[in-house]
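Down below is the structure, laid out as structure tokens.
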Amino acid sequence: MEILHVSAECYPMAKAGGLGDVVGALPKYQCKAGHFAKVVMPMYRTKFLYNNQWVIDFKGHAYLGEQYFEFTIIKEKTNKLGFDLYLVDINGLLDRENIYGYSDDPQRFISFQIAVLTWLNSWEHRPDVVHVHDYHAGLIPFMVKNCHQFKKLAFVKTVLTIHNAQYQGNIGWDKHHYIPAYDQYKWGDLDWNNNINPLASAIKCAWQVTTVSKSYMDELRFKSNGLEALFEYEKGKCSGILNGIDNEVWNPETDHYLFNNYSIKGVTVGKKKNKKKICELYGLDETLPLIVFIGRLVGEKAADILPSVFKNVLYHQRGKACFLMLGSGDKQIETELFNITSNYPGLYNTYIGYDEALSHQLYAAADFLLMPSRVEPCGLNQMYALRYGTIPMVRSTGGLKDTVTDMGDWEGFGIRFNNATVDDIAHSIYRATDVYKNTTHITWMRKYMMNIDHSWESVVDAYTKVYL
Ligand code: ADP
């Protein structure tokens, strides 16, 4: 099958979170399975852009409302990612350093989608599937079905994958002229609660809808930032497919970011060496269990309660564990987390920012990974942790529920808790420091976790079934 993925992120070109990881890996494994998968995304000014070679594939023009724009589609020359990567360049709109966060994001992503469809219109054939990811590409199913200028594409199957339903891309109806002409009576397919809602529109118009875990799919019908009734209504075409991880990128035996590579057999010594180095670099006590957090500092990840958690635990369970935080996001949370550092030398440190290499090093060095998320559609961090023999401590929600069992259960290998509260998390940290003393149990869990298969190879077939 020929599958065109349309996304705002794709690792290693541009990544802000799990969406980038998934779109950087799924097409590669679809190609390995014999499909012809490609990715098209905006051309941001990232390092990857400058460090690679590109050829021009297409030049075109289109309108965003009354505004005429020209665009160029370039293609990575060597196919080094294992799939064809296409970038859409629209001068002044997409060629920026960051992926998101600009006041004109609606204009940026709508013109991106119009450019993609204009390009597709020029193909002599049609792809079997256009697979759109999250709201940034969410108007495509509507435009393909209804916009007069894309009539040629009307029968192309569109599949939507929801990586995060919190973000829906709402825009006011005053911007409706951005969407190319369609029969006005179809407006209902764009609308949700008196706004143009790209995610809701994609759920209505896509041929099939998937989310990134089964539990998250179930949760969306009860809690999805206002779309509950829509998920209930459309449940017949919705399914949950757990994400995989790219075992070539995330492999402790070959990961070039690590201070020391290790296999399942050598996990105890290997992790110890990585931990020693990280503890030296961040001034932490290597004899204590090392608990890390890696992620966006936002409410969804329950990052807002982390400062209270650490203050509580560092005071009441002083000297039982040390902590290292890697993240960026909400400025107030960043400051609060950073401010704790000076009070607890040797026990607590932070790295505020985004650092891909450090994230790999922490998965390898840590004894435990804390994920108290309020919402977690799938969660990749815990799966990376499993692969690196790091025990996940997770709130029982979404994909975390589908991938982590509690060590108190038969053959359990993680720590689970029910509430994103200081008490529940502090209790889990107590359980972690307690089990850490039992080296036999820790070693058994590490080896068990590292043997779990979350590879994309095991997931690709599930997507193929959705496309058929
Ligand atoms: P989400 O997509 O909601 O942010 P996921 O768990 O699906 O959460 O994916 C998070 C990805 O982003 C993981 O690859 C994680 O290692 C990475 N990540 C998050 N924050 C940082 C950071 N500050 N530095 C490096 N990597 C990060």
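The values are calculated or read from the model by the stated rules, or taken from the named source; none is laboratory data. Computed from a prediction, not measured in an experiment: that's the story for all the values here. Counting neighbours? That spans all protein chains shown, and the Cβs are built from the backbone with ideal geometry, glycine included. Calculation scope for accessible area: heavy atoms of the full protein, side chains included, ligands and nucleic acids excluded. Shrake-Rupley method; radii C 1.70, N 1.55, O 1.52, S 1.80 Å.
The number of residues in the range 1-20 being open to solvent by 10 Å² or more (accessible area, probe 1.4 Å), at pLDDT 95 or above and not in a loop (DSSP other than H, G, I, E, B) comes to 2. Looking only at residues of the range 347-378 that are in a loop (DSSP other than H, G, I, E, B) and hydrophobic (A, V, I, L, M, F, W, C), we find that the one that is nearest to the ligand (Cβ to nearest atom) is C378.
Residues of the range 332-346 that are among the charged types (D, E, K, R) and within 14 Å of the ligand (Cβ to nearest atom): E334 alone. Residues in the range 296-331 that are open to solvent by less than 50 Å² (accessible area, probe 1.4 Å), within 16 Å of the ligand (Cβ to nearest atom) and not in a helix (DSSP H, G or I): L297, V298, A302, F323, L324, M325, L326, G327, S328, G329. Per the listing K223, K204, K237, K214, the residue uniquely modelled with pLDDT under 95 and in the same structural domain as A115 (by TED's automatic domain parsing) is K223.
State which residue is farthest from the ligand (Cβ to nearest atom) when the search covers only the range 1-51 and only residues that are of a type in the set (S, T, Y) and more than 13 Å from L81 (Cα to Cα). In this case the residue turns out to be Y50.
Counting only residues that are open to solvent by less than 10 Å² (accessible area, probe 1.4 Å) and not β-branched (V, I, T), how many does the range 418-454 have? Residues flagged as open to solvent by less than 10 Å² (accessible area, probe 1.4 Å) and not β-branched (V, I, T) within the range 418-454 amount to 4. Here is the figure for the range 93-116: residues that are assigned to a helix (DSSP H, G or I), among the polar types (S, T, N, Q) and open to solvent by 10 Å² or more (accessible area, probe 1.4 Å) total 1. The set of residues in the range 239-261 that are open to solvent by 20 Å² or more (accessible area, probe 1.4 Å) and within 24 Å of L160 (Cα to Cα) comprises S239, L242.
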